[in-house]
Amino acid sequence: MAERALKALNYDPSDLWVLDEEDLEALEIGAGILGTGGGGNPYIGKLRARLAMRSGYNLSILPLDRLADDARCISLGGIGAPVVAYERLKEGREGLRCVRALEEHLGIAIDAIVCEEIGGANSMEPLIAAAFAGLPVVDCDGMGRAFPEMQMTTFSIYGHRSTPSVMCDLHGNVVLFQHAASELWHERMARACVVSQGGASTLASAPMTGAFLKKYSIPHSYTQAVSLGRAVLKARRDHADPVAAICAQENGRQVFSGKIVDLERHLRGGFVIGEAKLAGIDAFNGDSASVMIQNENLVFSRNGEVEVSVPDLIIVLDVDSGNAITTEMLRYGQRVAIVALPCHSLLRSAAALEVVGPKAFGFDDLTFRPIEGMQP
C-alpha cells in the first residue's frame with residue numbers, strides 16, 4: 001500500500017514529515033488549543049498515536065503542495081460526545097476499518113488521509129489510521145479548529161458531498177451511508193447512529209481530489225498545531241507566560257481571566273451541551289463572564305455582552321500552564337484564561353457563516369464580528 005501510494009501521489013519520500021515523540025507532545029498541546037474545547041481529549045489521542053509509533057508505524061505528513069491534483073483522499077475523524085471518548089477507550093483500529101470498507105465499497109485505493117478537524121484528539125485519529133494503512137496524512141484539515149457537526153467543514157461548505165461514508169465503532173460494527181440528500185441529513189443520520197453505538201465512533205467520508213483540497217481545505221494545519229505547541233513548551237522552559245505566547249503566535253487576544261463558579265453540562269443527542277460561568281480575577285476582578293458550549297466553546301460573553309462567537313476560536317486555558325481545558329474536563333473552581341483567536345478566512349464567507357456562524361447554533365440574535373474589530 002505504501003509503495004502504491006508513493007507512485008500515485010508522485011512525491012519523493014523525502015517530502016514526508018515523519019513525526020517523532022517530541023512532535024507528538026507539541027501536537028497534543030497545539031491541537032488542544034485549536035480544538036476550542038472539543039475534538040476529543042488530546043492526551044488520550046497522543047497516547048494512542050505514541051503507541052502506534054512505538055509499535056513501529058510511521059506517522060507521516062505530506063505537504064499540501066506536494067499532493068497530486070488527481071490524488072484520492074478521504075477525510076477521517078471521531079464523531080460523538082467528547083466525554084464518552086474520555087471515559088471509554090477505543091479499540092484502536094476503527095479508522096483503518098473505515099478506510100478499508102470505503103475502498104472495498106468504491107473499488108478504489110485511497111492515496112492519502114485528510115484530517116476532518118485539527119482540534120483535540122481528532123488531530124491524532126487520521127495519523128493513527130494512516131499509519132496502519134501505510135498512507136500519509138495531508139498537512140491540512142476541514143475546520144482549522146473543531147466544530148460539533150460534520151457539515152461544518154470547508155469541504156462540505158464549498159461543495160463536497162460526504163457520502164458514501166463509513167462509520168466504525170469499537171465493537172466491530174461497520175455502517176455504510178450510501179447516500180444522503182444533503183450534508184445536514186448526513187450529520188443527522190450519523191448522529192443517530194453514533195448514539196446507538198454508545199456515543200462515540202469513527203467516520204470516514206467520500207474521497208476528494210487533491211485539486212479540491214488545495215482550494216478548499218484549511219492549509220498547513222499540522223504545521224500550525226505543532227508550532228503552537230512548541231511555542232507553549234518554549235515559554236514554559238523560559239519561565240515566560242504561555243498564554244501570552246499563544247496570543248503572539250496566533251495573533252490572538254486574551255479576553256478574560258477568571259475562576260469557574262458555576263458549570264452546567266449534560267449529554268443531549270450525541271453532544272455535550274452546557275455553559276460555564278466565571279468570576280473575574282487579576283485584571284478582570286469584578287467582572288463576570290460565561291462560555292456557551294456544544295462540544296466546543298461557541299460564545300463568550302463578558303458582563304452580559306457577547307464579545308466573541310463562532311467561527312472565531314474561543315479557548316479555555318489553564319492560567320498557569322497554557323494547556324487547553326476541553327469541555328469534558330471543566331471543573332468548578334478552576335482558574336482559567338480565555339483566549340480568542342481569528343479563524344481562517346474560508347470560515348468567514350457568507351456561505352460559511354450560514355453553516356458555522358452564531359445563527360447556525362441557535363443564536364438568532366447574534367451577528368458574527370471578527371475579533372480583529374474588538375476593543376482592546
**Asked** Within the range 216-227, how many residues turn out to be open to solvent by 40 Å² or more (accessible area, probe 1.4 Å), part of a helix (DSSP H, G or I) and under 15 Å from S75 (Cα atoms)?
**Response** 1
**Request:** Can you work out which of the residues in the range 132-161 that are open to solvent by 10 Å² or more (accessible area, probe 1.4 Å) and within 18 Å of L96 (Cα to Cα) is modelled with the lowest pLDDT?
**Result:** G134
**Prompt:** Can you find even one residue in the range 191-212 that is open to solvent by less than 60 Å² (accessible area, probe 1.4 Å), in contact with a strand residue (DSSP E or B) (Cβ under 7 Å, 6 or more places away or on another chain) and farther than 30 Å from R161 by Cα?
**Reply:** no
**Prompt:** Looking only at the range 315-357, which residues are among the acidic types (D, E) and either farther than 18 Å from S257 by Cα or surrounded by 14 or more Cβ atoms within 10 Å (Cβ to Cβ) (or both)?
**Reply:** D318, E328, E354
**Prompt:** Across the range 282-335, what is the total count of residues that are touching a Gly at 6+ places or on another chain (Cβ under 7 Å) and farther than 24 Å from A121 by Cβ?
**Reply:** 5
**Fill in**
Among residues of the range 17-61 being in a helix (DSSP H, G or I) and among the β-branched types (V, I, T), the residue surrounded by the most Cβ atoms within 10 Å (Cβ to Cβ) is I33
**Request:** Take M53 and decide whether it is modelled with pLDDT under 95 and of a type in the set (A, V, I, L, M, F, W, C).
**Result:** no
**Prompt:** Restricting attention to the range 201-209, does a residue exist that is in contact with a Gly (Cβ under 9 Å, 6 or more places away or on another chain), touching a residue at least 12 places away in the same chain (Cβ under 8 Å) and not polar (S, T, N, Q)?
**Reply:** yes
**Fill in**
The correct count of residues that are among the small types (G, A, S) and either touching a residue at least 40 places away in the same chain (Cβ under 8 Å) or open to solvent by less than 10 Å² (accessible area, probe 1.4 Å) (or both) in the range 228-265 is 6
**Asked** Within the range 274-296, is even one residue closer than 30 Å to P164 by Cα and either in contact with an Asp or Glu (Cβ under 6 Å, 6 or more places away or on another chain) or in a helix (DSSP H, G or I) (or both)?
**Response** no
**Fill in**
Among residues of the range 276-304 being on the phi > 0 side of the Ramachandran plot and among the polar types (S, T, N, Q), the residue surrounded by the fewest Cβ atoms within 10 Å (Cβ to Cβ) is N303
**Message:** On the basis of being surrounded by fewer than 17 Cβ atoms within 10 Å (Cβ to Cβ) and more than 22 Å from F284 (Cβ to Cβ), does A360 make the cut?
**Reply:** no
**Request:** Select from the range 177-190 the residues that are among the hydrophobic types (A, V, I, L, M, F, W, C) and crowded, with 17+ Cβ neighbours inside 10 Å and write down the one among them that is nearest to the chain's Cα centre (by Cα).
**Result:** A190
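The values are calculated or read from the model by the stated rules, or taken from the named source; none is laboratory data. Bear in mind that the values here come from a model prediction, so they are computed numbers and not experimental data. Neighbour counts are summed over all protein chains in view; Cβ atoms, including those assigned to glycine, are modelled from backbone coordinates with ideal geometry. When the accessible area is computed, the model is the full protein with side chains, heavy atoms only, and any ligands, DNA or RNA have been set aside. Shrake-Rupley method; radii C 1.70, N 1.55, O 1.52, S 1.80 Å.
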